[in-house]
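As structure tokens, the structure follows; a few thoughts come after it.
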Amino acid sequence: MAGRRRTKQRKLVDTIKEDQRVSSGPDKQNSAAADLPKELLELILSPLDLRDNIRASAVCKSWQAVATSVRKSDRCPWLMICPKEGNLYDFYDPTQRKTYSLDLPELKGSRICYAKDGWLLLSKPRTRRVFFFSPYTVELIKLPKLQLAHQIVACSAAPTSDNCILFTVKHVNPMLVAVSTCRPGDDAWTTIHFENQLPFVSSIWTKIVFSRGRFYCLSLTGWLGIYNTTNGIWAVLSVPPPKCTEYISAENWWKGKFMAEYNGDIFVVYTCAAVNPIIYKLDEMKQVWVEMGSLEGMTFFANFLSSHVRADLLGKMRNNVYFSKVLYYGKRCVTYSVDHDRYYPRKQPYDWGQQDPFQSIWIDPPEDVSTIL
């Protein structure tokens, strides 16, 4: 009898445990999540990026309401278009498809070189002057003179940052380069020569991006040089350039390229008149460029001088390449949809390597648009 009672007791305990497991299932968990105070939910959801925020909003109605209220998206860059004559510069907002104009006589005789954190980096070829300029506050910061003949110059951060360093590279011959750097406040540029183990040829078509303490430089022929600002070392990676598409001349292939950085990753978009754009991502560990079949929700803003990647844009801008060309009386950028594998609008000149490289540039918009109205 005692054995039977113990058996019945064990079955009763197992039944209770099973009921507890059932009662603590998804419905119970969702109920507990819904009971969290709004203030606590805001603290939990505020740091999330767009993708995780959208996932969190699917938990329950209360989470959806709070997630929507704290949802953040990247600010879309504006396209700054230089005038052929005069001092009136247009700033095109692709989100609103709206253009703002600013009179900037301070830029007369200047050539745009780079854009970073809402600042422009410019040079005056006749006087060899290099300077930073904020088009929204009209603030100007002078830099030491520099002769920019067949190369471009880039920067790591805004000139107001302690981490700002300027960089340019010029080949003496394919196996020897001169790297020049300076910081705001310096009296002169510092130039150091480095020998290459692999060929590197600089030109105005060289692409430069800064990521995690290093400048990445894509040469005319596709070799990638890296300058480490921490130890001052230059090297050309043994990463073979992406292969040129069959039946297309290498010259056209290499000119129509754009490079950008996002979250430590390096991306390159290659274009040519005869084929649709091809997107690559650098796998530095495996020393190879990997072709991407998708932008994974990101948006690539392509420009000869300074390209950008955004991962947290809303709506139809995701999975697109935005080129620095505006059509239909300033109403629409030329774009390439990765999802649909086509340009919008159709029948556009796709040979971006033949465009004027200094005609436009993508730049971060002002914090408050009303300040420029």
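The values are calculated or read from the model by the stated rules, or taken from the named source; none is laboratory data. Because the structure is predicted, anything quoted here is derived from the model rather than measured. In this analysis, Cβ positions are derived from the backbone assuming ideal geometry, glycine residues included, and neighbour counts consider all displayed protein chains.
Could you list, in sequence order, the residues of the stretch 79-120 that are part of a loop (DSSP other than H, G, I, E, B) and closer than 27 Å to Y344 by Cα?
Initially, the stretch 79-120 is screened for residues part of a loop (DSSP other than H, G, I, E, B), giving 82-87, 94-97, 104, 108-110, 117-118.
Once the filter is applied, which keeps residues that are part of a loop (DSSP other than H, G, I, E, B) and closer than 27 Å to Y344 by Cα, the stretch 79-120 yields C82, P83, K84, P94, T95, Q96, R97.
So in the stretch 133-154, with the set limited to residues that are in contact with a Leu (Cβ under 9 Å, 6 or more places away or on another chain) and under 18 Å from P365 (Cα atoms), which one is surrounded by the fewest Cβ atoms within 10 Å (Cβ to Cβ)?
Filtering the stretch 133-154 for residues that are in contact with a Leu (Cβ under 9 Å, 6 or more places away or on another chain) and under 18 Å from P365 (Cα atoms), the one surrounded by the fewest Cβ atoms within 10 Å (Cβ to Cβ) comes out as V138.
Would you please list the contacts, defined by Cβ atoms under 7 Å and residues six or more apart or on different chains, that run from a residue in the stretch 335-357 that is more than 14 Å from A274 (Cα to Cα) to a residue that is assigned to a loop (DSSP other than H, G, I, E, B) and of a type in the set (S, T, Y)?
These pairs meet every condition: V338/S294.
Going through F358, F304, F300 one at a time, which residue ends up being closer than 24 Å to I204 by Cα, touching a Phe, Trp or Tyr at 6+ places or on another chain (Cβ under 9 Å) and outside any loop (DSSP other than H, G, I, E, B)? Let's see the steps before the verdict.
Details: F358 fails: outside any loop (DSSP other than H, G, I, E, B); F304 fails: outside any loop (DSSP other than H, G, I, E, B).
F300 is the lone residue from the list that is closer than 24 Å to I204 by Cα, touching a Phe, Trp or Tyr at 6+ places or on another chain (Cβ under 9 Å) and outside any loop (DSSP other than H, G, I, E, B).
Against the definition (under 25 Å from K257 (Cβ atoms) and at pLDDT 95 or above), how does A188 come out, yes or no? Write out each step before concluding.
Details: under 25 Å from K257 (Cβ atoms): no; at pLDDT 95 or above: yes.
Criteria not met by A188.
Looking at A302, A311 in this structure, which one is touching a helix residue (DSSP H, G or I) at 6+ places or on another chain (Cβ under 9 Å), crowded, with 16+ Cβ neighbours inside 10 Å, farther than 23 Å from I152 by Cα and not acidic (D, E)? Even if it seems obvious, please write down each step before you answer.
On the way: A302 fails: farther than 23 Å from I152 by Cα.
Step by step, each of A302, A311 is checked, and only A311 is touching a helix residue (DSSP H, G or I) at 6+ places or on another chain (Cβ under 9 Å), crowded, with 16+ Cβ neighbours inside 10 Å, farther than 23 Å from I152 by Cα and not acidic (D, E).
Which condition number in (1) in a strand (DSSP E or B); (2) closer than 28 Å to W119 by Cα is the one that K316 fails?
If we test K316 against (1) in a strand (DSSP E or B); (2) closer than 28 Å to W119 by Cα, just (1) comes out false.
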